[in-house]
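J.: The structure that follows is given in the form of structure tokens.
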Amino acid sequence: MRIHKALLPVSWLYGLGVVTRNLLFDCGLLKSRSFDIPVICVGNLAVGGTGKTPHVEHLVRLLKERCKVAVLSRGYKRRTKGFVLADDRSTALDIGDEPMQIHRKFSDIIVAVDEDRCEGIERLVALGAEVVLLDDAFQHRYVKPSLSILLMEYDRLKGDRLMPAGRLREPLRGMRRADIVVVTKCPDRMQDGEYKEAERHLSHRSPKEKALPSQKLFFSRMAYKSLKPVFPEKGDTPPTIDAGVHVLLVTGIANAAPLEEEVRRHASHLRHLAYGDHHAFTDSDFADINKAFAQLPEPRLLVTTEKDAARLRTMKGLSPEAAAHACLIPIQVELLRNEQDAFDQAIIAHISKKLLASGSPSSDKQQWKK
């Protein structure tokens, strides 16, 4: 974990501003707004890389057959403003790459973006949404979620600093606002000692900051699924990577190391072109990508993430040959320690209770009892 020590004075000033803002919300001088329907916030304390989108997608899979689900994001790096509802004509430029990824995978739910989350929730309620999932809104305190899920990356549980010296958006004491804490991107086979060490860092984040008795703690890992073509209309893609395949890995995410490690487990020939998180690919970038792919001997694949695929489809800069061999690796969340059911039931119990309190017709559905 890299800490830019020369920037620590700037981080202290930044932290002073964040703490002051949070105090203004805590004492009521800045107002947080609650809503009658369940509003579940999925967020983090650090900038990028904790796996918010896969966790939101897990909630979508859990809930979409039980009620009318809507996902609301600000739509980072989109070229539009205000409330935008995803539809068949939407692109990553209209709504952002992560909302586009969710919309493409779950066309039967509502996906929208709005930098004003309160306004966005109002619009979604008017459209019939019964549950709103807020993607990356832990610091957007103008909304008071009915349930707050905080994600903490396993490799960054200790030693991080506030921006710009580190990657923290706010001090660790902000963890106290969460109802559920999930330690993400854990090793596949964690030992009891590793769980206890992680719990110790979370429970003793400072001498005065103990874990809340009501806080639930879970651990999750990212499970990589079978390859899918980025452009299925351009040709068939081999379903697996093996030792004989030459792979060009193209990523524009916050932390591509776990994905690179996963690909290297299957491919002995790998070249990685890594760009910044949410990178907007330029003509020069596409020229580099196309050239690097053309230099690979057969058999070959261009492999990318679901988030990057959303932008690659929109920007259309890949050569026909690269596009025909482009595939993505889907990611799903798996809860460790056999706690999948416990996590799911915590979500279901909260939503059914909230819907019952609001008198929603959905509170009578039999599936909430499962």
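J.: Kindly indicate whether residue 115 is surrounded by fewer than 20 Cβ atoms within 10 Å (Cβ to Cβ) and either without any contact (Cβ under 8 Å) to a residue 24 or more places away in the chain or not in a loop (DSSP other than H, G, I, E, B) (or both).
T.: no
J.: Starting from residues that are surrounded by fewer than 16 Cβ atoms within 10 Å (Cβ to Cβ) and among the basic types (Lys, Arg), keep the ones in the stretch 289-324 and report whichever is farthest from residue 98 (Cα to Cα).
T.: So, considering only residues that are surrounded by fewer than 16 Cβ atoms within 10 Å (Cβ to Cβ) and among the basic types (Lys, Arg), the one farthest from residue 98 (Cα to Cα) is 291.
J.: Search the stretch 335-359 for residues being among the charged types (D, E, K, R) and without any contact (Cβ under 8 Å) to a residue 24 or more places away in the chain, and hand back the single one that is surrounded by the most Cβ atoms within 10 Å (Cβ to Cβ).
T.: So, considering only residues that are among the charged types (D, E, K, R) and without any contact (Cβ under 8 Å) to a residue 24 or more places away in the chain, the one surrounded by the most Cβ atoms within 10 Å (Cβ to Cβ) is 353.
J.: Of all residues in the stretch 150-190, how many are open to solvent by less than 10 Å² (accessible area, probe 1.4 Å) and part of a helix (DSSP H, G or I)?
T.: 2
J.: Another question about this same structure. Within the stretch 276-288, which residues are without any contact (Cβ under 8 Å) to a residue 60 or more places away in the chain and surrounded by fewer than 17 Cβ atoms within 10 Å (Cβ to Cβ)?
T.: Scanning the stretch 276-288 gives 276, 282, 283, 284, 287, 288.
J.: Just a yes or no: is a residue in the stretch 262-270 surrounded by fewer than 18 Cβ atoms within 10 Å (Cβ to Cβ) and closer than 30 Å to residue 94 by Cα?
T.: Checked the stretch 262-270: no residue is surrounded by fewer than 18 Cβ atoms within 10 Å (Cβ to Cβ) and closer than 30 Å to residue 94 by Cα.
J.: Here is a follow-up. Output the number of residues of the stretch 118-149 satisfying the condition of being open to solvent by 10 Å² or more (accessible area, probe 1.4 Å), within 16 Å of residue 38 (Cβ to Cβ) and part of a helix (DSSP H, G or I).
T.: 3
J.: Is it the case that the stretch 90-109 has a residue that's in contact with a Lys or Arg (Cβ under 7 Å, 6 or more places away or on another chain), surrounded by fewer than 24 Cβ atoms within 10 Å (Cβ to Cβ), more than 18 Å from residue 61 (Cβ to Cβ) and in contact (Cβ under 8 Å) with a residue 60 or more places away in the chain?
T.: Yes; the residues of the stretch 90-109 include at least one that is in contact with a Lys or Arg (Cβ under 7 Å, 6 or more places away or on another chain), surrounded by fewer than 24 Cβ atoms within 10 Å (Cβ to Cβ), more than 18 Å from residue 61 (Cβ to Cβ) and in contact (Cβ under 8 Å) with a residue 60 or more places away in the chain.
J.: On the basis of being open to solvent by less than 30 Å² (accessible area, probe 1.4 Å) and without any contact (Cβ under 8 Å) to a residue 60 or more places away in the chain, does residue 329 make the cut?
T.: Answer is no for this residue.
J.: Moving on. If residue 33 satisfies every condition in (1) open to solvent by less than 70 Å² (accessible area, probe 1.4 Å); (2) basic (Lys, Arg); (3) over 23 Å from residue 335 (Cβ atoms) but one, which is the exception?
T.: Single failed check for residue 33: (1).
J.: Hey, among the residues in the stretch 191-217 that are open to solvent by 100 Å² or more (accessible area, probe 1.4 Å) and not in a strand (DSSP E or B), which one's modelled with the lowest pLDDT?
T.: 207
J.: Could you grab me the full set of residues in the stretch 218-233 that are among the β-branched types (Val, Ile, Thr) and open to solvent by 30 Å² or more (accessible area, probe 1.4 Å)?
T.: none
J.: Which members of the stretch 2-23 meet the condition of being of a type in the set (A, V, I, L, M, F, W, C) and either open to solvent by 90 Å² or more (accessible area, probe 1.4 Å) or closer than 22 Å to residue 176 by Cα (or both)?
T.: Within the stretch 2-23, 6, 12, 13, 16, 18, 19, 23 meet the criteria.
J.: Quick one: which of 30, 8, 16 is more than 28 Å from residue 97 (Cβ to Cβ) and assigned to a loop (DSSP other than H, G, I, E, B)?
T.: When all the criteria are applied, what remains is 30.
The values are calculated or read from the model by the stated rules, or taken from the named source; none is laboratory data. Since this is a predicted model, take the numbers as computed values, not measurements. All Cβ positions, glycine included, derive from the backbone under ideal geometry; neighbour counts span all protein chains shown. With ligands, DNA and RNA removed, areas are computed over all heavy atoms of the protein, side chains included. Shrake-Rupley method; radii C 1.70, N 1.55, O 1.52, S 1.80 Å.
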